[in-house]
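J.: Below: one structure in structure tokens.
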Amino acid sequence: MVDELYELADGSFNSYGMSLTGFLRKAKQFISHLETHHSIEEQYIFPILAKKLLAFKPDAKHIDSHHQIHQGLDQLNALLESIRATPSSYSPTTFRETLDSFRTVLFTHLDQEVRDLGADEFRKHFTLEEMSEIPM
């Protein structure tokens, strides 16, 4: 969704029948979904994975990436509140710069998770029974 927000930030959201308010709502939903996703991972999934996979320990790369991503989400949220208060302050450039502030770490994090959660990694560290106990 971050790519979609980036693309629409130039104002082309209007051509899809979306107002600025609708676009801001979509950005808020993105923040909410990502925060919920990370909360679930950190509360329920990562503690189980961390028993066998170092990358998921509390002081390891995945949690660190979440913190970096959330710094960017906080900046985006602040920008959205500012624009909501003063719609004429909307700037496509500023919106995109805010997305850019965490975009690379987000995509790097996703790529790392895919690698670290791949079948080969799981086969090395988890039995089939242990895998069935992971709440997914």
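The values are calculated or read from the model by the stated rules, or taken from the named source; none is laboratory data. Just so we're clear, the structure is a prediction, and the values are computed from it rather than from any experiment. Cβ: placed from backbone, ideal geometry, glycine included. Neighbour counts: every protein chain shown. The area values use the complete protein model at the heavy-atom level, side chains included, leaving out ligands, DNA and RNA. Shrake-Rupley method; radii C 1.70, N 1.55, O 1.52, S 1.80 Å.
J.: Would you point out the residue of the stretch 118-133, among those that are without any contact (Cβ under 8 Å) to a residue 12 or more places away in the chain and not in a helix (DSSP H, G or I), that is least open to solvent (accessible area, probe 1.4 Å)?
T.: Gly118
J.: Do we find that Leu110 is of a type in the set (A, V, I, L, M) and surrounded by fewer than 16 Cβ atoms within 10 Å (Cβ to Cβ) in this structure?
T.: Criteria met by Leu110.
J.: Does Ala55 satisfy the criteria of being among the aliphatic types (A, V, I, L, M), in contact (Cβ under 8 Å) with a residue 24 or more places away in the chain and more than 28 Å from Phe95 (Cβ to Cβ)?
T.: yes
J.: A further question on this structure: Mind checking which pairs have a first residue in the stretch 89-112 that is more than 14 Å from Gln75 (Cβ to Cβ) and assigned to a helix (DSSP H, G or I) and a second that is open to solvent by less than 70 Å² (accessible area, probe 1.4 Å) and among the polar types (S, T, N, Q), Cβ under 7 Å, 6 or more apart or different chains?
T.: Matching pairs, first to second residue: Ser89/Ser82; His109/Ser65.
J.: Of all residues being open to solvent by 70 Å² or more (accessible area, probe 1.4 Å) and either in contact (Cβ under 8 Å) with a residue 60 or more places away in the chain or of a type in the set (Asp, Glu) (or both) in the stretch 79-88, which is farthest from Ser32 (Cα to Cα)? Just the residue, please.
T.: Pro87
Listed here are the residues, each with its yes/no results for (1) outside any helix (DSSP H, G or I); (2) touching a strand residue (DSSP E or B) at 6+ places or on another chain (Cβ under 7 Å); (3) open to solvent by 70 Å² or more (accessible area, probe 1.4 Å).
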{"site": "Ser15", "(1), (2), (3)": "no, no, yes"}
{"site": "Thr21", "(1), (2), (3)": "no, no, yes"}
{"site": "Leu24", "(1), (2), (3)": "no, no, no"}
{"site": "Gln29", "(1), (2), (3)": "no, no, yes"}
{"site": "Gln43", "(1), (2), (3)": "no, no, yes"}
{"site": "Lys51", "(1), (2), (3)": "yes, no, yes"}
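J.: Based on what the data block shows, is His66 in contact with a His (Cβ under 8 Å, 6 or more places away or on another chain) and under 18 Å from Gln112 (Cβ atoms)?
T.: Yes.
J.: Scanning for something open to solvent by 50 Å² or more (accessible area, probe 1.4 Å), out of contact with any Pro (no Cβ under 8 Å at 6 or more places or on another chain), within 26 Å of Met131 (Cα to Cα) and in contact (Cβ under 8 Å) with a residue 40 or more places away in the chain, does the stretch 61-73 turn up at least one residue?
T.: Within the stretch 61-73, one or more residues are open to solvent by 50 Å² or more (accessible area, probe 1.4 Å), out of contact with any Pro (no Cβ under 8 Å at 6 or more places or on another chain), within 26 Å of Met131 (Cα to Cα) and in contact (Cβ under 8 Å) with a residue 40 or more places away in the chain.
J.: Only one of (1) touching a residue at least 24 places away in the same chain (Cβ under 8 Å); (2) outside any loop (DSSP other than H, G, I, E, B); (3) open to solvent by 50 Å² or more (accessible area, probe 1.4 Å) fails for Leu76. Which number is that?
T.: With respect to (1) touching a residue at least 24 places away in the same chain (Cβ under 8 Å); (2) outside any loop (DSSP other than H, G, I, E, B); (3) open to solvent by 50 Å² or more (accessible area, probe 1.4 Å), Leu76 is out only on (3).
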